[in-house]
Amino acid sequence: MVNDWLLRAAGSYNQLSRESRDDYAAILLMPVDTLYSIIDWTFRSLPDEILVGIDPNLELPHPIGVDEEFTGADFQSGLFAGQGYVLGKPHLVNRGDSFSVHHVPEEWIDDSFAEDRGSRGGRFTHWIHSHPNAVAVPSGADADAAQWTEGCDMILGVRFSPEGSLPWFDEVGGRRRELSTRDSADYKPGYLSSLPSIGRASTGHSIHGLEIIAFHRSGLGVNLIITDSRGLPINPNLNP
Ligand SMILES: [Zn+2]
């Protein structure tokens, strides 16, 4: 299950989330077990993308004090569905290339009005998809798909080698948020072979880096905070 590396990376991530609180309109709390499952599925599916649906856990509102600590000057209440609740269990919905992954298989679509609710059928409140060897910044197609999302969209970028037909693509704008135990590095194409490996996926790929962001369909960034199972943020000073 969740290892020390991920807990330390989550603590560093949260530290930046706290420092950046005035740059975001809302916060979203993700339990580290949920993050672990998504990372695990992502690694097992390389080099494909995956799409994961998540509903809010309506039995777990944000613990007292978290909003005060992590929201800032631009906070907006009522921005998205499920706001104020910790994310619930993740559901692996689809796997494929960057186009097909967003077209949800029939068994996940719960009624016949899917055409009015986008290619994903509006089955879940929140969605996260992986970006194999691409930065965690929404593409134009991602922004379009998000228009039917009632909650938030998230992207998990994963750098791996060998790159195959998908070299690292980072010529995009937008704010990037590395999930790392190191100081944030300014990656450049071609540096992949010199990067330390943080792990190896069961597919045989070496993993060099992860990044994760959340955003709202309006284009506003949402500040992601990684928590324990009770919704309490993982402490950056954690000393496992
Ligand atoms: Zn995407």
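Figures for the structure shown
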quantity: Ranked list, fewest to most other Cβ atoms within 10 Å of each Cβ, for W148, W127; calculated: W148, W127
quantity: Distance between modelled label sites at V2 and L92, nm, 7 Å Cα→Cβ extension; calculated: 2.0 nm
quantity: Virtual paramagnetic centre 7 Å along Cα→Cβ of L232, amide N under 15 Å, in the range 44-82; calculated: 62-67
quantity: Cβ crowding within 10 Å averaged over residues, with 209-222, 54-67, 131-144 ranked highest first; calculated: 209-222, 131-144, 54-67
quantity: Pair E68, A143: separation of 7 Å Cα→Cβ label points (nm); calculated: 3.8 nm
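Bear in mind these aren't lab numbers, they're just calculated from the coordinates by the rules spelled out. Fair warning: this is a prediction, and the values are worked out from it, not measured in the lab. Every residue, glycine among them, receives a Cβ derived from its backbone with ideal geometry; neighbour counts consider all protein chains shown.
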